[in-house]
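Undergrad: Sharing a structure below in structure tokens format, with a few things to ask.
The values are calculated or read from the model by the stated rules, or taken from the named source; none is laboratory data. Bear in mind that the values here come from a model prediction, so they are computed numbers and not experimental data. Here the Cβ positions follow ideal geometry from the backbone for every residue, glycine too, while neighbour counts run over all protein chains shown. Accessible surface areas use protein heavy atoms only, side chains included; no ligands, DNA or RNA. Shrake-Rupley method; radii C 1.70, N 1.55, O 1.52, S 1.80 Å.
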Amino acid sequence: MNRDHLALELDKVLALLAAETTCADAADAARELTPSPYLAEVQVLLEETDAAFRLMAGFGAPSFGQLKNADNALRRAEAGAVLAPRELLQIAENLRVIRSLHEWRSHCASIETVLDDRFDTLTPNKYLEDKITATLTSEDTLADNASPLLADIRRKMRAAAARVREQLDKLVRSPQYQKFLQDPIVTIRNGRFVVPVKAENRAEIPGLVHDTSASGSTVFVEPMGSVEANNEIRVLESKEKAEIDRILAELSAEAGTFADAIVANYALLVELNLIFAKARLAYNMQATMPRLNDRGHILLRHARHPLIDRKKVVPIDVELGAAFDTLVITGPNTGGKTVSLKTIGLLTLMAMCGLMPPADDGTVLSVFSHVLADIGDEQSIEQSLSTFSAHMTNIVRILKLTDRRSLVLLDELGAGTDPIEGAALAIAILEQLRTQGARMAATTHYAELKAYAIRTVGVENGSCEFDVTTLQPTYRLLVGVPGRSNAFAISRKLGISEELVNTAQEMVSAENRRLEDVVSNLEERRGELEKALQKAQAEKARAEAAAAEAEHRTAVLVQKQEKALEDAREQARRLVDKARQEAAALIDELDDLRRQKDAADFAARTGEAKSRLKARLGKLEEEIDPVTARRREGYTLPRPLKAGDDVLIIDIDKKGVVLSPADSSGQVEVQAGIIKTRVSLNNLKLLDKDGRTLKAGDTKRRSPSVVLPSRLERAASLEVDLRGQTVEEALLDLDQFIDGAVIMNREHITIIHGKGTGALRNAVHQHLKRHPAVKTFRLGVYGEGEMGVTIAELK
């Protein structure tokens, strides 16, 4: 990494990026990233990072598992080598990651991104993955079912071992031999089952000695009776090893046939891992997608240095390359000048590496061919260079490399030598770099450079704010305002006498005093404007908050309205269900009455049923028609009713005429159309000749409310459908329908009885002939339903 990138600490940001990767190759690629000077390439890199960021925000981060490089193993397998189980398991793990990423992307298919080509190129190989994982249970063990032969060999090995153990268990439990044993156990030496025998009793147990203890007091003897069984186990172990080698060779050869595809897929995984690491770093830094250009225009909005704690860093706003090409930053030491300089350079380099910068929306960054920096104390004892000499050596290099697509960052330009000469040299260097077309930001303490920035077109002053009251820097970068040294003010605060400070001020040249006065006035004016801006922003925030509150209240009202409608619908559904249940109960009672029509008390039961029917219907009507009940509230008759008064029957919304005043029970005889009925006073409103409601005293007219149709009004529609009912059920429904139609002043009604056998039609006609409210009736004509309907005219 070149010295400019190191000076701007790009290597530390790349180390943070490497920490977000999950495999060594991706981490190495992160640390080796270099800024691209090409706008199109940088645009693609940032679009890839932004695509990964959006996918993570919508669907979570994909898992890259235990991804490791298995290219060497695959190439050896391709050449015919037998791979170790560990290498084969790593190949299987890489295949699992390939498959999981391919499946993860398929679940995110609703978003199209520039990464789709990479995801689509991934080729899962579940066949090889499953074969390896089914064969190898760990790095040291093959599964018994890896092959039928291996399963058979291991079954025989277990049987032989069991026989040997059984023989030796009998020996160690035998009273005859127990006294010769060091311990009554069976153990293994050199792959063979043995028993520990006391050295002095070695001759008592015939067999082969395979080992002795460190003290020499114990020998491990394989009794002669178990030699043959142990030999069988050793033979089976040899066969097992040969079969394992064959299986590993077969798996390795099969992996080798897919080597090219797996290697290519691994390279894609490394690329994707690096891209998603960039997205995770952007998330951690709260970074945004910048707008790019190659014209040298930089606009940072609330930019934050990525290596400073987010809770402590002070964001900066700065623009360079639009109205001016050079920014001269002044201010006290430790005030944030160098951090501002590094922030400009580091965020530019990050963008050129495809990393989203930690700044707010609207940030603009440029792509440069060179980002050159002279920052920090670069004195060298080994090279006999002072601080000034080291800086000048670096500036010579910068002057040679600078062109029209260069960003130059200079810290404490001209420092380390005579102030007058240093200031003159600094101005000359800035002029030369401007002539070469560079975009520049430089920090300084020299008043001459402040004056140079004020009088030179294309050069702008900037300063890091300092609070004289607290003697602390605020770290805010103010563009357009030259900084003050604040030396005299700080000295007064620290206790230097006023006389001494005044003497020092008199020694300052008149030109410098005038400059300081101008800067002081500018600072005061800036403070006033900033307060005015803060006040305007506060007013704007209050207005926006009020608008948001009004919008919230509107939304709450809409939500309450929707809930009220939903509650009303639910109540209506409950009422309908209850009405259906009542109707079913009434039908059941009618059926019972029909079955009992020959009983002696039939008339009494019929009367009782009619009473219950009326009571249920009245109760249902009250429940179904709650609005009319609310309309009665608050109305009082302006005077007692008398014969001839026009009234409104509230519950059926029907006008009528009073025939006689109210009786002692509050019932009034009213004629509504052809119907005479008795109505409660609470259910009447007095009307004038024009049909308007008369109210008591100065009662305010209430807004008319909508009356939901009552049961009678719904029943008195223009037609009734009797199809599918028995004659008794149909005639009962027909009577109820005609009653409602009469009350509603219907002149004609349509009765649908269907054609069928004609039995229902004949019964309806016989009933209509005897009904007192029916004037005439006829069958329907073409277009009315013909023989399937009857049209009746009411009196």
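Undergrad: Scan the stretch 30-52 and tell me whether some residue there is small (Gly, Ala, Ser), within 21 Å of residue 279 (Cβ to Cβ) and part of a loop (DSSP other than H, G, I, E, B).
TA: yes
Undergrad: Hey, another quick one. Tell me whether the stretch 223-242 contains one or more residues that are surrounded by 14 or more Cβ atoms within 10 Å (Cβ to Cβ), under 30 Å from residue 146 (Cβ atoms) and hydroxyl-bearing (Ser, Thr, Tyr).
TA: Yes, the stretch 223-242 has at least one match.
Conditions (1) under 34 Å from the mean Cα position of the chain (by Cα); (2) among the acidic types (Asp, Glu), marked per residue:
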{"residue": "300", "(1), (2)": "yes, no"}
{"residue": "307", "(1), (2)": "yes, no"}
{"residue": "314", "(1), (2)": "yes, no"}
{"residue": "319", "(1), (2)": "yes, yes"}
{"residue": "337", "(1), (2)": "no, no"}
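Undergrad: Residue check: is residue 282 in a helix (DSSP H, G or I), among the hydrophobic types (A, V, I, L, M, F, W, C) and either exposed (fewer than 14 other Cβ atoms within 10 Å of the Cβ) or in contact with a Phe, Trp or Tyr (Cβ under 6 Å, 6 or more places away or on another chain) (or both)? If you could, list the steps in order and put the result at the bottom.
TA: Details: in a helix (DSSP H, G or I): yes; among the hydrophobic types (A, V, I, L, M, F, W, C): yes; either exposed (fewer than 14 other Cβ atoms within 10 Å of the Cβ) or in contact with a Phe, Trp or Tyr (Cβ under 6 Å, 6 or more places away or on another chain) (or both): yes.
The answer is yes for residue 282.
Undergrad: Do we have any residue at all in the stretch 54-61 that's within 30 Å of residue 106 (Cα to Cα), touching a residue at least 60 places away in the same chain (Cβ under 8 Å), open to solvent by 20 Å² or more (accessible area, probe 1.4 Å) and not in a helix (DSSP H, G or I)?
TA: For the stretch 54-61, residues within 30 Å of residue 106 (Cα to Cα), touching a residue at least 60 places away in the same chain (Cβ under 8 Å), open to solvent by 20 Å² or more (accessible area, probe 1.4 Å) and not in a helix (DSSP H, G or I): present.
Undergrad: I'd like to verify a number: residues in the stretch 762-787 that are part of a helix (DSSP H, G or I) and open to solvent by 40 Å² or more (accessible area, probe 1.4 Å), how many?
TA: Residues that pass the stated criteria total 6.
Undergrad: If residue 81 meets every condition in (1) under 30 Å from the mean Cα position of the chain (by Cα); (2) surrounded by fewer than 18 Cβ atoms within 10 Å (Cβ to Cβ) apart from one, which number is that one?
TA: Only one criterion in (1) under 30 Å from the mean Cα position of the chain (by Cα); (2) surrounded by fewer than 18 Cβ atoms within 10 Å (Cβ to Cβ) is unmet by residue 81, namely (1).
Undergrad: Also: Quick check on the stretch 405-436: of everything there that is on the phi > 0 side of the Ramachandran plot and open to solvent by 10 Å² or more (accessible area, probe 1.4 Å), which residue is farthest from the chain's Cα centre (by Cα)?
TA: Going through the qualifying residues, I end up with 416.
Undergrad: Still on this structure, please answer the following. Considering every residue within the stretch 446-460, establish whether at least one is buried (at least 19 other Cβ atoms within 10 Å of the Cβ), within 18 Å of residue 300 (Cβ to Cβ) and at pLDDT 85 or above.
TA: Yes, some residue in the stretch 446-460 is buried (at least 19 other Cβ atoms within 10 Å of the Cβ), within 18 Å of residue 300 (Cβ to Cβ) and at pLDDT 85 or above.
Undergrad: Going by the conditions given, is residue 135 modelled with pLDDT of 85 or more, farther than 25 Å from residue 231 by Cβ and surrounded by 12 or more Cβ atoms within 10 Å (Cβ to Cβ)?
TA: yes
Undergrad: Checking residue 631 against (1) open to solvent by 50 Å² or more (accessible area, probe 1.4 Å); (2) modelled with pLDDT of 70 or more; (3) in contact with a Ser or Thr (Cβ under 8 Å, 6 or more places away or on another chain), which single condition isn't satisfied?
TA: (2)
Results for (1) of a type in the set (Val, Ile, Thr); (2) in contact (Cβ under 8 Å) with a residue 24 or more places away in the chain; (3) not in a helix (DSSP H, G or I), shown as yes or no for each residue.
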residue	(1), (2), (3)
211	no, no, yes
219	yes, no, yes
233	yes, yes, no
237	no, yes, no
250	no, no, no
256	no, yes, no
271	no, yes, no
275	yes, yes, no
307	no, yes, yes
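Undergrad: With respect to the numbered conditions (1) modelled with pLDDT of 75 or more; (2) part of a helix (DSSP H, G or I), which one is the sole condition not fulfilled by residue 478?
TA: Of everything listed in (1) modelled with pLDDT of 75 or more; (2) part of a helix (DSSP H, G or I), residue 478 misses just condition (2).
Undergrad: Please enumerate the residues belonging to the stretch 665-674 that are open to solvent by less than 50 Å² (accessible area, probe 1.4 Å), under 17 Å from residue 643 (Cβ atoms) and either touching a helix residue (DSSP H, G or I) at 6+ places or on another chain (Cβ under 9 Å) or modelled with pLDDT under 85 (or both).
TA: 666, 668, 672
Undergrad: Would you please list the contacts, defined by Cβ atoms under 8 Å and residues six or more apart or on different chains, that run from a residue in the stretch 640-665 that is assigned to a strand (DSSP E or B) to a residue that is of a type in the set (Lys, Arg) and surrounded by 14 or more Cβ atoms within 10 Å (Cβ to Cβ)?
TA: Taking only residues 6 or more apart or on different chains, the pairs are 646/655; 647/655; 647/685; 648/654; 648/655; 648/685; 649/655.
Undergrad: Starting from the stretch 137-151, keep only residues that are free of Cβ contacts under 8 Å to residues at least 12 places away in the same chain and assigned to a loop (DSSP other than H, G, I, E, B), then list their pairs with residues that are aliphatic (A, V, I, L, M) and surrounded by 14 or more Cβ atoms within 10 Å (Cβ to Cβ) whose Cβ atoms are within a distance under 8 Å, requiring at least 6 positions of separation or different chains.
TA: 137/143; 143/136
Undergrad: Here is a check on your reading of the model: is residue 166 of a type outside the set (Phe, Trp, Tyr), assigned to a helix (DSSP H, G or I) and surrounded by fewer than 14 Cβ atoms within 10 Å (Cβ to Cβ)?
TA: Criteria met by residue 166.
Undergrad: Specify which of the listed residues (63, 100) is of a type in the set (Ser, Thr, Tyr), within 20 Å of the chain's Cα centre (by Cα) and at negative phi.
TA: Result of the check over 63, 100: 63.
Undergrad: Here are 254, 204: which of them is open to solvent by 20 Å² or more (accessible area, probe 1.4 Å) and modelled with pLDDT under 80?
TA: Unique residue meeting the criteria: 204.
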